[in-house]
Amino acid sequence: MPGPSLDVLVVGSANLDVVVRAERHPAPGETLLGRELAEHPGGKGLNQAVAAARSGARTGFVGALGDDAAGRLLGKVLESDAIDASHVKVVAEPTGRALIVVADDGENTIVVAPGANATVVCPTPLPPAAVVLAQLELPLDTVMATLRAARAAGSTTVLNPAPAAELADELLALVDIVVPNEHEAELLGGPARLLAGGSRAVVVTRGGAGVDVHTATGVDHVPPHPVDPVDTTGAGDAFCGSLCARLAAGDDLAAAVKWAAVAGALATTVSGAVPGQPTADAIRDALDS
């Protein structure tokens, strides 16, 4: 039988990121004057699809865009990275927005207005793919339906539980690999709880502290790739998308995590989520250096 037509299918959000840089993040109730303002393509789903494609995977994206200038801009991103957008709907709701503050140390805070993303549903049938990747910027029913369909089709299922939300064991039982950052992992009850729910691996990204891979046999640590970060926006998405690309290519989890850790680090050296997604050549060069 022929294999799946896609290596990686990403079901997720697409946003226009509105980014302001500031010396630091404001305290509650505080107003700060920022500096330069920029708009970049973003959204966890779109970022991760671009990351997978730039790591060499045949990639498809399921999502929704508004019939507006932002939606047309994001559509061009999918086209330029040769991502299959046949399951991207254009809807009456405005394209999603993410309001991002980036401090001088490179760390960011993000507030998302979902807009069109709230209308995304799991397509029937789900396009066949070796790996299916979802996040939590879509309705939870859509995420559940996607993971259920992917599991039934024999795909490897990966969930980036961001923004963190309570996850039922019914959902976790459909996920092969959960990829939270360290803050999300804590909010979700810790890696042990996620493994107990049925996932076979929990890959916790820890920024400059590297990555911890939790399985039933223990914890393996992957050290960080050293860089001088300028903007951490999209770094976790670079990790998730490139991880799935390497899993689809046949890497075991340890090798895929090593590749993804470098991708995530390189993403912090460029401002903007989509602009910062590294290519396979850049990741390979960093691994060889």
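The values are calculated or read from the model by the stated rules, or taken from the named source; none is laboratory data. Bear in mind that the values here come from a model prediction, so they are computed numbers and not experimental data. Cβ atoms come from the backbone with ideal geometry, glycine included; neighbour counts cover every protein chain shown.
Just one of ALA165, ALA185 is under 17 Å from the mean Cα position of the chain (by Cα) and either at pLDDT below 95 or basic (Lys, Arg) (or both); which is it?
ALA165
Output the strands (runs of 3 or more DSSP E) that fall wholly within segment 90-145 and possess 1 or more residues being touching a helix residue (DSSP H, G or I) at 6+ places or on another chain (Cβ under 8 Å), farther than 21 Å from ALA164 by Cβ and of a type in the set (Val, Ile, Thr), or say none.
Result: 129-135.
Can you tell which of ALA129, ALA145 is out of contact with any strand residue (DSSP E or B) (no Cβ under 8 Å at 6 or more places or on another chain), of a type in the set (A, V, I, L, M, F, W, C) and buried (at least 17 other Cβ atoms within 10 Å of the Cβ)?
ALA145
Answer with yes or no whether GLY198 is surrounded by fewer than 18 Cβ atoms within 10 Å (Cβ to Cβ), closer than 23 Å to VAL131 by Cβ and modelled with pLDDT under 95. Lay out the reasoning, then the answer.
Details: surrounded by fewer than 18 Cβ atoms within 10 Å (Cβ to Cβ): yes; closer than 23 Å to VAL131 by Cβ: yes; modelled with pLDDT under 95: yes.
When the stated conditions are applied, GLY198 passes them.
Do you know which of the residues in segment 49-84 that are surrounded by fewer than 19 Cβ atoms within 10 Å (Cβ to Cβ) and among the hydrophobic types (A, V, I, L, M, F, W, C) is nearest to LEU159 (Cα to Cα)?
ALA82
For segment 22-52, which positions are part of a strand (DSSP E or B), at pLDDT 90 or above and farther than 27 Å from ALA256 by Cβ?
Within segment 22-52, ALA22, LEU37, GLU39 qualify.
May I ask you to verify whether THR279 is on the phi < 0 side of the Ramachandran plot, of a type in the set (Ser, Thr, Tyr), touching a residue at least 24 places away in the same chain (Cβ under 8 Å) and crowded, with 20+ Cβ neighbours inside 10 Å?
Criteria not met by THR279.
Only one residue in LEU65, LEU74 is touching a residue at least 40 places away in the same chain (Cβ under 8 Å), under 30 Å from LEU33 (Cβ atoms), touching a helix residue (DSSP H, G or I) at 6+ places or on another chain (Cβ under 7 Å) and not in a loop (DSSP other than H, G, I, E, B). Which one?
Residue meeting the stated conditions: LEU74.
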